[in-house]
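Some notes on the structure that comes next.
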Amino acid sequence: MRMETMVLWATVLFFGLAILWPIARLWWNTGVFGVVLERKQDPLQAFVGAAFPLSMSAFAVWAVVLYALGGARLGVWQGPVWVQNVGWTTFVFAVLLTVAAQANMGASWRIGIDAKPTALIAGGLYAFVRNPIYTGILAMLAGLVLIAPSAWTILGFANVWLSVGMQARLEEIHLEKVHGAEFRAWASRVGRFLPGLGRLDPL
């Protein structure tokens, strides 16, 4: 199977499992629509809330264009096979991590910041990193960079990294307002995206 075909199907799989499935599962189990569309938002949150899904959507569009035009026309560099294999291994790990992290969140899972309070999830994968879903997304995109290295994928990864970083910090502000000392104590023990890195100072 061509690399371009594999990337397209892998991208469809990721978006299906990481976005569509949790939205459907949350709706089925709780009647709550997991995508937060608040009309009255902080301007920065509105900007980041738009930038992140647009950046992810750009990767989906890129996968379709890659399939249609081929890697050569998009400037994909031909790297060693072992690098592509590392990329696919990273991609599979990222999918499993993201799906498991969303399952850990249960009814608290959202896309965006919900003004309505939700439970603070600090167990399971969240005992090791505060944002394992974002870690999974970044790992997935890093895998794609290794599978199909190009200026497009590298710039796209950097763009998502920045938007995810801003979104995570905005969520931290919200969680501290809602959960106070409980959140602060957890965030002082657990790293933001990787274990031990990005911990907040305790109160």
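Read-outs throughout are calculated quantities, based only on the coordinates presented, and are distinct from any laboratory measurement. Since the model is a prediction, treat every value here as computed from it, not as a measurement. All Cβ positions, glycine included, derive from the backbone under ideal geometry; neighbour counts span all protein chains shown.
Quick notes on this one:
- Mean-square fluctuations from a GNM of the chain, with a 10 angstrom spring cutoff on Cα atoms, peak among 14, 33, 193 at 33.
- Environment charge at residue 129 (Cβ cut-off 14 Å; Lys +1, Arg +1, Asp -1, Glu -1): +2
- Rounded if a/c under 1.5, otherwise prolate or oblate - the range 3-189, Cα gyration tensor axes: prolate
- Axis of helix 132-147 versus longest Cα principal axis of the chain: the two differ by about 10°, to the nearest ten degrees.
- Note on residue 155/residue 6: beta-carbon distance plugged into 1/(1 + (r/R0)^6) with R0 of 30 Å gives a FRET efficiency of 0.85.
- Local electrostatic count, residue 166, Cβ distance below 14 Å [Lys/Arg +1, Asp/Glu -1]: -1
- Helix 81-105 axis versus longest C-alpha principal axis of the chain: approximately 30°, rounded to the nearest ten.
- Computed from the C-beta positions of residue 182 and residue 36, the FRET efficiency with R₀ = 22 Å rounds to 0.50.
- The distance between label points at residue 86 and residue 194 comes to 1.4 nm (points 7 Å beyond Cα on the Cα→Cβ vector).
- Candidates 162, 97, 66: whichever shows maximal mean-square fluctuation once the chain is modelled as a Gaussian network with Cα springs under 10 Å: 162
- The range 1-40 and the range 158-182 have Cα centres spaced 21 Å apart.
- Top of 50, 139, 94 by mean-square fluctuation, Gaussian network on the chain, Cα under 10 Å: 50
- Measuring r between the beta carbons of residue 68 and residue 20 and using R0 = 22 Å, the FRET efficiency lands at 0.45.
- Spacing of the two label points (7 Å from each Cα toward its C-beta) at residue 120 and residue 173, in nm: 1.9
- When the trypsin sites (Lys or Arg not before Pro) in the range 1-49 are filtered for DSSP coil states and for at most 15 other beta-carbon atoms within 10 Å of their beta-carbon, the remaining sites are 2, 39, 40.
- What separates the Cα centres of the range 99-142 and the range 49-87 is a distance of 25 Å.
- Helix 3-15 axis versus longest C-alpha principal axis of the chain: approximately 20°, rounded to the nearest ten.
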